[in-house]
Amino acid sequence: MTLDLLQGFASGCKGLGMASLKDVAARAGVSRSAVSRAFTEGASVSPATRAKVMAAAEALGYRPNLLARSLTTRTTGLIGLVSNNFQNPAFLEIFDLFTRGLQERGLRPLLVNLSEETDPAKSVQMLRQYSVDGVIVASSTLPTAFATAFREAGLPTVLAFSRVEGPVSVHVASIDNVAAGRFAAEVLRGRGYRKLGFIGGPEWATSSIDRLAGFRSVAGVVRHRFSGAYSFAAGRAAMQAELGSAELMEAYFCADDVISIGALSALADAGVKVPDEMGVIGLNDMAMAGWDNIRLTTIRQPFAEIVAASLEMLAQLLLTPGLAPEVRIFPCTLVERATLRP
């Protein structure tokens with residue numbers, strides 16, 4: 001957009017009764033550049049001048065034009081919030097934390113759905129078209145190649161809730177999914193369950209693969225089944241298939257809360273009493289898991305802590321884009337409710 005067009009837009013806004021930067025400068029008795037600096041984070045302006053500008057802006061109802069500012073600063077304040085887990089209610093909580101956290105930092109989230117995308121290059125091109133200043137990839141199933149492609153394109157990038165593998169090329173905040181799987185098996189063994197089953201998400205998802213690997217490392221050979229998605233319907237269908245098998249396990253680690261809740265629904269319909277006849281443990285501790293009609297015993301993934309760490313790392317990258325990649329791994333804890341025997 002050219003400066004002429006922006007000036008035309010500003011003139012149109014003035015015709016609608018909206019104050020301009022020039023109006024604020026006149027009321028405050030300062031230059032227009034002083035007004036601009038007062039609204040620019042980190043710009044050099046005296047406290048007295050800033051106070052006069054803010055008082056004048058408040059009196060006139062002035063709000064800075066973010067689009068015009070972006071042409072001056074060559075930044076947009078837009079952050080691509082990229083995911084593909086939109087069927088999983090847990091990510092609604094995660095997106096809530098991310099969007100509020102970005103807005104509190106004066107940044108604007110641009111939600112990007114890559115559920116059907118397989119080519120990282122196309123995603124890079126799309127984000128460039130929106131001129132984002134940085135990217136947060138929040139997904140436990142999206143291949144890490146996407147985050148790597150964003151980083152290689154020069155975009156400050158943080159990968160959240162994903163696997164850490166090989167030489168790390170981007171900043172990561174996550175849990176250790178293998179350790180989470182081990183923890184689930186240790187809990188079940190500690191409750192006296194011997195015949196154990198595993199129901200994961202998609203077979204190709206690294207979170208499913210890693211959680212099963214950790215589970216097996218403690219439980220030994222277990223019957224396992226993958227569902228088509230991290231969704232209620234997929235978890236319900238997977239447990240219905242288990243109910244049709246020749247022998248049921250004593251307890252199941254469902255590697256996500258939404259899958260666990262689907263499994264509990266199938267067990268209830270079949271008349272299987274939980275935890276008297278079968279135990280179920282999930283992973284995430286999303287809000288729904290604590291509802292009175294569910295009360296799922298689960299392994300808590302610390303959403304708030306991971307989001308806060310991701311935002312902190314992104315803020316550092318926006319200031320210093322060339323920072324070496326950093327990995328922050330957070331521990332999981334057990335949340336005791338009512339789907340395992342004491």
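No lab work stands behind these numbers, since they all come straight from the coordinates. On a predicted model such as this, the values are computed, not experimentally measured, just so you know. A quick note on method: Cβ atoms are made from the backbone with ideal geometry, for glycine too, and the neighbour counts reach across all protein chains shown.
For the chain, the dipole from Cβ point charges (+1 on Lys and Arg, -1 on Asp and Glu) about the Cα centre works out to 940 debye, to the nearest 20. A Förster distance of 30 Å, applied to the separation of the beta-carbon atoms of residue 330 and residue 272, puts the FRET efficiency at 0.35.
In deg cm²/dmol, rounded to 500, what helix-only [θ] at 222 nm does the chain give when every DSSP H run of at least 4 residues adds -39500 (n - 2.57) and the total is split over its residues? All intermediate terms of the calculation are to be shown ahead of the outcome.
Values: 13 runs with 154 residues, N = 342.
The per-residue figure over the chain is -14000 deg cm²/dmol.
Against the chain, whose longest principal axis comes from its Cα atoms, helix 90-104 is set at around 20 degrees. Computing FRET efficiency as 1/(1 + (r/R0)^6) for residue 44 and residue 117, where r is the C-beta to C-beta distance and R0 is 41 Å, gives about 0.45. Which label marks the calculated value of Cα Rg over 2.2 N^0.38 Å, given the options (1) 0.92; (2) 1.25; (3) 0.99? Evaluating Cα Rg over 2.2 N^0.38 Å on these atoms matches (2).
Taken about its Cα centre, region 197-300 carries a charge dipole of roughly 160 debye when the Cβ of each Lys and Arg holds +1 and the Cβ of each Asp and Glu holds -1. Sorting 91-97, 147-153 by their mean Cβ neighbour count within 10 Å, with the most densely packed peptide first, gives 147-153, 91-97. Axis of helix 3-15 versus longest Cα principal axis of the chain: the two differ by about 90°, to the nearest ten degrees. Pairs of Cα atoms nearer than 8 Å and 6+ residues apart set the relative contact order; for the chain it is 14 percent.
If each residue's Cβ is checked for other Cβ atoms within 10 Å, how do 224, 171 rank with the fewest at the top?
Working: 224 18, 171 26.
Least crowded to most crowded, the residues run 224, 171.
When the Cα positions of 141, 287, 80 are compared along the charge dipole of the chain, 80 comes out farthest toward the positive end, with charges on each C-beta of Lys, Arg, Asp and Glu. Going from the fewest other Cβ atoms within 10 Å to the most, the residues 79, 199 appear in the order 79, 199. Considering only 267, 226, 181, and ranking their Cα positions along the charge dipole of region 177-301 that arises from unit charges at the beta-carbon of Lys, Arg, Asp and Glu, the one farthest toward the positive end is 181.
Seen against the Cα atoms of the chain and their longest principal axis, helix 177-190 is set at about 40 degrees. Pairs of lysines in the chain whose Cα atoms sit within less than 23 Å of one another amount to 4, provided the residues are eight or more positions apart or on different chains. At a 10 Å Cβ-Cβ cut-off, how would you order 269, 257, fewest neighbours first? If I rank by nearby Cβ atoms, fewest first, I get 269, 257.
So in region 230-340, what percent of DSSP beta bridges are antiparallel if you round to the nearest 5? Write out the running numbers ahead of the final one.
Numbers: 3 of 9 bridges.
Of the beta bridges lying entirely in region 230-340, close to 35 percent run antiparallel.
Remark: relative contact order (region 177-301) = 24 percent; criterion is Cα-Cα distance under 8 angstrom and separation of 6 or more residues.
A simple spin-label model places pseudo-atoms 7 Å from Cα toward Cβ; at residue 250 and residue 152 they are separated by 4.9 nm.
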